[in-house]
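The values are calculated or read from the model by the stated rules, or taken from the named source; none is laboratory data. These numbers come from a predicted model, not from an experiment. Backbone-built Cβ (ideal geometry, glycine too); neighbour counts: all protein chains shown. Calculation scope for accessible area: heavy atoms of the full protein, side chains included, ligands and nucleic acids excluded. Shrake-Rupley method; radii C 1.70, N 1.55, O 1.52, S 1.80 Å.
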Amino acid sequence: MEKKILNVIPKSLHGKVVSSMEAASWIEDGMTLGLSGFTRAGDAKAVPYALVGRSKTDPIKVNVYTGASLGSDVDKLMAEHGLVLKRLPFQADKTMRNRINKGEMLFVDQHLSHTAELIRADVLETIDYAIIEAIAITEDGLIVPTTSVGNSSIFVEKAKHVIVELNTFHPSELVGVHDIYQLGKQGERNWVPLKKVDDRIGTPGIRVDLNKIKGIVMTNQSDSPSLIAPPDEETQQIADHLIDFLRKEIASGRLTERLAPLQSGIGSVANAVLHGLLSSEFSDLEIYSEVLQDAVFDLIDAGKVRFASGCSITLSEEKANDVFNNFDKYRNQLILRPQEISNLPEIIRRLGLIAINTALEVDIYGNVNSTHVLGMNMMNGIGGSGDFARNARLSIFVTKSIAKDGKISSIVPFVSHVDHTEHDVDVIVTEQGYADLRGLAPRERAPLIIEKLAHPMYKQQLLHYYHEALAKGGHTPHLLEKAFSFHLNFVKHGTMQGKMVQMA
């Protein structure tokens with residue numbers, strides 16, 4: 001233990017090394033915790049586990065703030081044991097999702113660039129403890145994160161106390177990969193001096209007053225592997241259609257074969273679509289995104305990606321073993337930043353990103369629902385898709401045209417919940433084709449979306465709705481009594497197929 005401590009923390013902090021149970025004992029009912037972690041990477045593990053164990057005999061409730069979803073079943077265990085009063089800004093665990101949808105836990109769904117701003121402005125509850133996974137603490141007061149940055153830097157800045165989980169599992173080569181830049185207060189800050197994807201503008205760790213660190217917990221545990229499914233025939237078709245669109249942009253002179261910096265949302269579809277670029281002619285690519293998934297490293301291995309900037313590294317088990325056992329091979333092509341920088345509208349607009357995000361459903365006018373099933377039940381959260389969609393050079397949404405073996409159409413008359421309005425959606429792609437919506441009025445969008453994106457089993461049903469609505473008139477023709485007919489069909493009959501059900 002002493003040798004490991006000497007390698008990763010200043011001697012002045014050796015006396016602050018405690019067990020996870022002791023650290024968990026400091027947390028009181030009603031406190032607010034800021035936990036490191038972004039999409040199953042770099043998450044605090046030991047202290048949350050100990051807190052769950054303590055809750056079996058000493059039940060408490062706390063508010064939990066993170067960067068995004070946590071791995072290592074932390075969200076699941078905290079939800080199962082009723083530990084969480086309020087959770088923000090994103091989650092992706094089935095147990096927690098069920099608790100949220102039953103009203104047993106509060107969830108605040110936020111744009112991922114907004115959380116740090118709200119904490120900095122003292123709008124949200126004060127953070128009592130920031131619990132941060134790190135690979136080292138330096139003599140000059142830098143906490144060096146592991147595989148994600150997320151909101152860790154703002155948690156450390158604003159928390160009353162800091163607990164550091166020093167995880168010796170991660171490769172030491174991670175030191176030097178991070179670029180921590182703090183924005184400062186609104187109205188007083190300078191412009192962010194980031195002009196290129198590979199610019200370094202901050203420090204290699206999170207600045208902290210060492211006196212603020214109350215405890216250090218030694219751990220040795222891997223991140224949870226990502227849950228992405230491998231590419232399939234439909235995701236390959238989506239990728240092929242997207243590549244066709246990008247080729248058209250190149251032919252028009254709006255892009256070159258280097259494209260523009262790419263952002264890709266989390267999940268199997270987005271990862272598979274990015275993976276589809278492996279067989280394309282595009283090269284010398286740059287990534288400016290949140291999560292660096294398997295496809296990013298496959299593209300680096302293939303010589304397609306020159307540089308990748310993100311907020312976390314979230315990989316399948318097989319890919320993680322390959323990447324982290326050979327991290328020297330990648331480290332000079334990577335930067336990990338705070339999510340308020342990776343998702344900063346100023347930077348997204350300046351770099352002119354191509355943003356590729358996933359939709360749950362899309363309506364015939366181009367509005368996108370990314371978060372709610374049947375308009376009521378939270379899936380995961382909006383994440384960073386809104387940050388990128390509103391500000392990107394090209395805002396692209398991808399989805400399969402049907403779900404549940406065809407019982408659900410992803411193209412509907414009116415989305416049951418709006419996360420991204422038609423004003424922020426440029427291109428939509430399904431395995432059926434792509435629809436370029438730029439410069440189109442609603443009456444031009446609807447027939448194009450139905451023709452290019454809808455599954456054949458739903459095209460006539462959608463056209464019937466649109467033509468009936470068209471007869472009623474309006475800039476954006478709708479039948480208010482039948483706008484959710486697809487969803488009502490599903491609730492009543494278990495499928496969206498059938499006659500248009502009229503609302504009572």
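Worth pointing out:
- Normalised size of the stretch 252-316, defined as Cα radius of gyration per 2.2 N^0.38 Å with N residues, equals 1.04.
- Among the GluC sites (Glu not before Pro) within the stretch 80-134, those in coil by DSSP and having at most 13 neighbouring Cβ atoms inside 10 Å are Glu104.
- Dipole moment magnitude, nearest 20 debye, the chain about Cα centre, only Lys, Arg, Asp, Glu C-beta charged: 720 debye
- Between the amide H of Thr219 and those of Leu166, Asn167, Thr168, distances stay under 5 Å, these residues lying 5 or more places away or on another chain, with hydrogens modeled in the peptide plane.
- Across all C-alpha atoms in the stretch 1-88, the radius of gyration and Dmax reach 14.1, 40 Å.
- Based on Cα contacts under 8 Å between residues 6+ apart, the stretch 96-239 shows a relative contact order of 25 percent.
- Derived value for the stretch 143-211: Kirkwood hydrodynamic radius 13.7 Å. Basis is the mean of 1/r over every pair of different alpha-carbon atoms.
- Compared with the alpha-carbon gap, the fully stretched path from Asn98 to Asp244 is longer by 48.6 nm at 0.36 nm per residue.
- Rounded to the nearest 10 square angstrom, His241 shows an accessible area of 40 square angstrom against a 1.4 Å probe.
- Stokes-Einstein D (µm²/s) once Rh is taken as the Kirkwood radius of the stretch 230-360 over alpha-carbon pairs, at 20 °C in 1.002 mPa s: 143 µm²/s
- Label point 7 Å beyond Cα of Asn377 along Cβ direction - residues of the stretch 472-498 with amide nitrogen under 19 Å: 484-497
- Sites Phe169 and Asn332 - FRET efficiency at Förster radius 30 Å, r taken between beta-carbons, to 0.05: 0.85
- From phi via Karplus (6.51, -1.76, 1.60), per-residue ³J(HN,Hα) for the stretch 117-124 in Hz, x at Gly/Pro: 5, 5, 5, 4, 7, 6, 7, 8
- Residues whose amide H comes within less than 5 Å of that of Leu70, counting only those at least five positions distant or on another chain, are Arg40, Asp75, Ala92 (H built at 1.01 Å from N in the peptide plane).
- Probe 1.4 Å, protein heavy atoms only - accessible area per residue of the chain in square angstrom: 39 Å²
- Reciprocal of mean inverse Cα separation for the stretch 357-467 (Kirkwood radius, Å): 13.7 Å
- Full-extension gain in nm, Ser222 to Glu80, via 0.36 nm per residue minus C-alpha separation: 48.9 nm
- The value of relative contact order for the stretch 364-497, using C-alpha pairs under 8 Å at least six residues apart, is 28 percent.
- Gap separating the Cα centres of the stretch 202-274 and the stretch 375-444, nearest whole Å: 19 Å
- When a 1.4 Å probe is rolled over the protein heavy atoms, the share of accessible surface on the stretch 42-165 that falls to carbon and sulfur comes to 50 percent.
- Rounded to two decimals, the Cα-based Rg/Rh of the stretch 213-289, with Kirkwood Rh, is 1.19.
- Efficiency of FRET from Cβ geometry, Gln460 and Glu346, R₀ 56 Å, rounded to 0.05: 0.80
- DSSP finds beta bridges in the stretch 149-282, and of those with both partners inside it, around 25 percent are antiparallel.
- Mean separation of Cα pairs under 8 Å and 6 or more residues apart, divided by the residue count, gives the chain a relative contact order of 13 percent.
- Computed accessible area, Met31, all protein chains, 1.4 angstrom probe, square angstrom: 30 Å²
- Computed over the stretch 28-176, Kirkwood Rh from alpha-carbon pairs, angstrom: 15.3 Å
- Distant alpha-carbon pairs in the chain (separation over 39 angstrom), percent: 25 percent
- For q = 0.18, 0.19, 0.24 Å⁻¹, Debye-computed log10 I/I(0) when each Cα of the stretch 409-504 counts as one equal scatterer: -0.86, -0.96, -1.46
- Helical content of the chain, expressed as a calculated mean residue ellipticity at 222 nm, amounts to -8500 deg cm²/dmol (DSSP H runs of 4 or more residues, -39,500 (n - 2.57) each, divided by residue number, nearest 500).
- Remark on the stretch 325-384: ratio of C-alpha radius of gyration to 2.2 N^0.38 Å is 1.59.
- Label reach from Ser283 (point 7 Å along Cα→C-beta): in the stretch 292-331, amide nitrogens under 16 Å belong to 299-307.
- Placing unit charges on each Cβ (+1 for Lys and Arg, -1 for Asp and Glu) gives the stretch 143-252 a dipole about its Cα centre, and among Ile213, Ile228, Ile250 the Cα reaching farthest toward its positive end belongs to Ile213.
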